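The values are calculated or read from the model by the stated rules, or taken from the named source; none is laboratory data. As the structure is a prediction and not an experimental result, all values here were calculated from the model. In this analysis, Cβ positions are derived from the backbone assuming ideal geometry, glycine residues included, and neighbour counts consider all displayed protein chains. Each accessible area value is taken on the protein alone, full model and side chains, heavy atoms only, with ligands, DNA and RNA left out. Shrake-Rupley method; radii C 1.70, N 1.55, O 1.52, S 1.80 Å.
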Amino acid sequence: MSRLGNLGARLYRGEVGYDFVAKRMLWYGVSILITITAIVGLGVRGLNMGIEFKGGAVYTTPETTVSASKAEEIAEDAAGHDAIVQELGTGGLRIQVSGLDTKSANSLKDEIAAGIDVPVKDITAELVGPSWGEQIANKAWTGLAVFMILVVIYLAIAFEWRMALAALIALIHDLTITVGVYALVGFEVTPGTVIGLLTILGYSLYDTVVVFDGLKESAKDITKQTRYTYSEIANRSLNGTLVRSINTTVVALLPVAGLLFIGGGFLGAGMLNDISLSLFVGLAAGAYSSIFIATPLVADLKERDPQMKALRKRVLAKRAAATSKGEDTGRDDEAFTEVPEGATAGVVGPRGRRGRSTENRR
């Protein structure tokens with residue numbers, strides 16, 4: 001078995017683990033800082049909306065020796081509007097100019113042909129109206145709202161309202177970061193971007209639900225024992241799915257990274273950039289939020305429950321009594337703990353000093 005696979009098995013059995021929940025304030029602080037940066041970037045720079053949302057024309061030229069910067073200068077001088085030029089893998093150019101009507105688009109085509117010295121008939125022109133992009137955006141907002149409502153209802157029924165609230169906050173966290181990165185990087189927002197944003201919602205929710213399902217099973221009859229608090233059980237459930245979450249995220253990110261850095265970066269494929277950046281950032285943010293935000297937030301909310309408060313008092317009182325007598329408290333408070341071999345998995349921790357299981361101790 002590989003080292004990673006062995007570590008995953010030990011995490012699942014509860015033999016090792018990192019205390020994510022105990023350090024939740026650190027994760028909250030990091031998330032708040034990233035989110036504020038994204039919001040500031042969005043407010044200062046704004047989104048670079050594509051012509052699908054602003055209206056305009058797209059010209060695709062055959063192979064030419066004219067550079068992208070020179071073609072951009074020619075298009076802007078002729079149109080009087082900002083132009084975006086991309087070099088295509090075929091050696092041609094993709095020239096995008098916003099704010100044009102049909103008449104000005106046709107005249108601009110002639111001027112571009114003359115400026116880059118190619119026949120007019122070889123240039124493909126496509127005129128896009130802003131109403132189409134507006135319809136796409138409205139449908140996307142509607143789909144997002146319906147998705148959020150259905151997710152909250154499902155999680156509240158299948159698990160509980162605290163988990164539904166935590167998952168909703170994690171989703172908003174992921175979307176905010178992704179949109180903020182778009183603003184900071186300056187990539188165009190196109191229908192491909194909208195598709196990518198809607199796609200990452202499912203990926204973001206998947207890992208969170210897996211952890212919540214394990215937590216739900218581990219927390220059954222939690223008030224009938226005095227060995228672990230709810231936060232500690234939540235942390236054990238999170239560690240049990242940690243390697244699985246990392247593996248699924250890496251496997252999902254690899255092809256997306258190929259699209260973004262190879263397809264978009266080297267080949268100059270504009271549409272690949274649009275969808276792959278949102279997927280790449282969203283998948284990474286979703287993996288982060290499922291580990292560092294959603295589960296610690298559930299633990300925070302759950303610990304406010306009177307029953308969980310009473311449980312924590314009993315657990316701490318038992319540990320204090322055991323410590324005063326010099327007995328094994330059953331829990332190592334180090335950030336990274338290792339349980340001796342032979343420990344019982346699940347809620348039960350390491351064996352007592354005399355070698356008998358402490359599962360039934362109260």
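Per-structure values
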| read-out | value |
| --- | --- |
| Unit charges at the beta carbon, dipole of the range 56-128: most positive-side option, ALA68, VAL85, ASN106 | ASN106 |
| Kirkwood Rh in Å, taken over the range 56-128 so that all alpha-carbon pairs contribute | 11.6 |
| Solvent-accessible area of TRP161 with every protein chain in place, 1.4 Å probe, in Å² to the nearest 10 | 140 |
| Estimated distance in nm for a label pair at TRP132 and ILE172, the labels positioned 7 Å out from Cα along Cα-to-Cβ | 3.5 |
| Accessible surface of the range 56-128 [probe 1.4 Å, protein heavy atoms]: carbon and sulfur percent | 46 |
| Computed accessible area, LEU33, all protein chains, 1.4 angstrom probe, square angstrom | 110 |
| Solvent-accessible area of MET49 with every protein chain in place, 1.4 Å probe, in Å² to the nearest 10 | 60 |
| Spacing of the two label points (7 Å from each Cα toward its C-beta) at VAL40 and TYR28, in nm | 2.1 |
| Distance violations [Cα-Cα > 31 Å] among LYS23/LYS224; LYS23/LYS325; LYS216/LYS313; LYS139/LYS216 | LYS139/LYS216 |
| Test item: Cα-centred dipole of the range 56-128, Lys/Arg +1 and Asp/Glu -1 on Cβ, debye | 200 |
| Largest-first ordering by accessible area, 1.4 Å probe, given options GLU73, GLU63 | GLU63, GLU73 |
| Per residue solvent-accessible surface (Å²) - the range 56-128, probe of 1.4 Å | 53 |
| Mean accessible surface per residue for the range 132-228, computed with a 1.4 Å probe while every protein chain stays in place, in Å² | 46 |
| Where Rh is the Kirkwood radius over Cα pairs, Rg/Rh for the range 163-293 | 1.09 |
